[in-house]
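A quick write-up on the structure given underneath.
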Amino acid sequence: MVKNKSKEIFSKKHLEKYADVLIWGLETARDSVGGKYKKGDIVRLSYEWEGVKLAECLYRKLLKRGLHVVVMARPTPEMERAFFQVASDDQLKFLPPWGKKLNENINGAISIIAPSSLTHLSDIDSRKIALSAISSKPLREVIDKREQDGKYGWTLCVMPTEDLAKQAKMSIKEYGKEIIRACYLDKDNPVQIWKDLYKKSQDIKKKLNYLDVDYFHIKSVHTDLKIYLGENRKWLGVSGHNMPSFEIFTSPDWRGAEGVYYANMPSLKDGNYTEGIRLEFKNGEVVKVEAKKGTDFVKKQIKMDKGSKRIGEFSLTDKRFSPISRFMADTLFDENTGGKYGNCHIALGGSYADTYSGNIKKLNKKLKEKLGFNDSSLHWDIVNTEDKVVTAHLKNGEKKVIYDDGMFKV
């Protein structure tokens, strides 16, 4: 058995603070869609083995709040690898009968990511992974509907592992310290810090949402991309859903993407390492793919389904918010990088329905299609940390720089 080294890096105080931050995130995420937790609500607590100490701490705190906690351990790397090696198509598509029932009644979820391996699926047929992901979409749709109705909130986090540290070219101790610093667990009252960040982000989102934007132009040394905002959109972020999370994002009208986007930050997805991804968009869809590493994998990802070659998210992170300054080999951290120039990222694939500015309970499939919200089983964040300028082209013909030198300018 692999030795659980995270408990040597995270003291009991660190774990207590982390659990408090995650519960704040869970409650804030539910509050953002108009819901509140009450005694008797159901929360799923899922974890990977190297995150068990944090799971134990969370379990006690959630029970003390009067919540019903459903504990779920994620498959080990060996189990996951065996599944994709051995399972038939019927097994890949199988959904447990209790899965839908749980999702129809669940009120929240906390996921602890602590992968013992990041590369165990690197030689697995991507068709099998895609088939499993597409088949589980009905379960995600049930959850999405509950979230739209204010009945569900979620958050997730990362615990350090040897493989995460190795891929990020750090020791596990260094990696753990980066998590502690990024989540403010080295401070006396990290929850209050997150509350303050939440207020600051609210001000930025309010100003962005006030602008009557036609399209955004993102320009850096390797990126020259236009993204049309679309009708009835709003900006979200720092809402408790991911811990840590400093990004402010929206889901644009996928049909308006034109130009070139370049992801200079590496990405690890399904055990596959990619670097230097260059995507050319025309009429909203990727028409050309290049990459320094992992070109074939990128091409397979954008063929997952009809929406996987379209943009589902556009995001910006202010360097004044985020203390993350290096590659962490995990999307949760990498999409929230601060560093010298902050970052922007796009996600290929599914949109976020809660970026709809109208009555989300009326946002059905037909209206989503009409407004250009993208639908896909893929959601892959690819990150650009180059010095960039983002200009909002307003519907009245004016231009306004909203992001420059890694900071919002609204």
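The values are calculated or read from the model by the stated rules, or taken from the named source; none is laboratory data. This one's a predicted model, so the numbers in the text were calculated from it and none came from an experiment. Virtual Cβ from ideal backbone geometry, glycine too; neighbours counted across all protein chains shown.
So which of Ser46, Ser32 ends up being in contact (Cβ under 8 Å) with a residue 60 or more places away in the chain, of a type in the set (S, T, N, Q) and more than 29 Å from Thr161 (Cα to Cα)? Even if it seems obvious, please write down each step before you answer.
Values: Ser46 fails: more than 29 Å from Thr161 (Cα to Cα).
Just one listed residue meets the conditions, Ser32.
Look at region 247-262 and say how many of its residues are acidic (Asp, Glu) and surrounded by fewer than 19 Cβ atoms within 10 Å (Cβ to Cβ).
The initial filter retains those residues of region 247-262 that are acidic (Asp, Glu), namely 247, 253, 258.
With surrounded by fewer than 19 Cβ atoms within 10 Å (Cβ to Cβ) added as a condition, the list becomes 258.
Of the residues in that region, 1 qualify.
Annotation note: of Lys38, Lys53, Lys61, the sole residue that is of a type outside the set (A, V, I, L, M), closer than 17 Å to Ile106 by Cα and out of contact with any Gly (no Cβ under 7 Å at 6 or more places or on another chain) is Lys38.
Selection of first residues in region 270-296 that are in a loop (DSSP other than H, G, I, E, B) and of second residues that are among the charged types (D, E, K, R) and crowded, with 18+ Cβ neighbours inside 10 Å, restricted to Cβ pairs under 7 Å at least 6 apart or on distinct chains, gives the following pairs, ordered by first then second residue: Gly284/Arg310; Ala291/Arg278.
With respect to Ala165, is the statement that it is buried (at least 19 other Cβ atoms within 10 Å of the Cβ) and not polar (S, T, N, Q) true?
Working: buried (at least 19 other Cβ atoms within 10 Å of the Cβ): yes; not polar (S, T, N, Q): yes.
Yes; evaluated as a whole, the condition is true for this residue.
Working only within region 329-366, note down all residues that are of a type in the set (A, V, I, L, M, F, W, C) and closer than 26 Å to Gln301 by Cα. Break it down into steps so the answer makes sense when it comes.
To start, the set of residues in region 329-366 that are of a type in the set (A, V, I, L, M, F, W, C) comprises 329, 332-333, 344, 346-348, 353, 360, 363.
Residues satisfying the conditions are Ala329, Leu332, Phe333, Cys344, Ile346, Ala347, Leu348, Ala353.
When region 219-266 is filtered for residues that are part of a loop (DSSP other than H, G, I, E, B) and of a type in the set (Asp, Glu), the ones remaining, listed by number, are Glu231, Asp253. Screening region 46-79 for residues that are among the aliphatic types (A, V, I, L, M) and either more than 25 Å from the chain's Cα centre (by Cα) or assigned to a helix (DSSP H, G or I) (or both) and picking the one that is surrounded by the fewest Cβ atoms within 10 Å (Cβ to Cβ) gives Met79.
Where helices (runs of 4 or more DSSP H) fall entirely within region 99-198, those with at least 2 residues that are outside the structural domain of Pro266 (by TED's automatic domain parsing), modelled with pLDDT under 95 and touching a helix residue (DSSP H, G or I) at 6+ places or on another chain (Cβ under 7 Å) are at 126-135, 137-148.
Looking at Gly397, is it farther than 24 Å from Ser136 by Cβ, at pLDDT 95 or above and not in a strand (DSSP E or B)? Yes.
Specify the residue that is farthest from Arg278 (Cα to Cα); the eligible residues are those in region 354-390 that are surrounded by fewer than 16 Cβ atoms within 10 Å (Cβ to Cβ) and touching a residue at least 40 places away in the same chain (Cβ under 8 Å). For region 354-390, the residue satisfying everything is Lys361.
Give the residue, chosen from Ser122, Ser201, that is under 22 Å from Arg320 (Cα atoms), in contact with a strand residue (DSSP E or B) (Cβ under 7 Å, 6 or more places away or on another chain) and touching a residue at least 40 places away in the same chain (Cβ under 8 Å).
Values: Ser122 fails: under 22 Å from Arg320 (Cα atoms).
Just one listed residue meets the conditions, Ser201.
Summed over region 289-324, residues that are at pLDDT below 95 and touching a His at 6+ places or on another chain (Cβ under 8 Å) total 0.
Tallying residues that are in a helix (DSSP H, G or I) and surrounded by 11 or more Cβ atoms within 10 Å (Cβ to Cβ) within region 80-90 yields 7.
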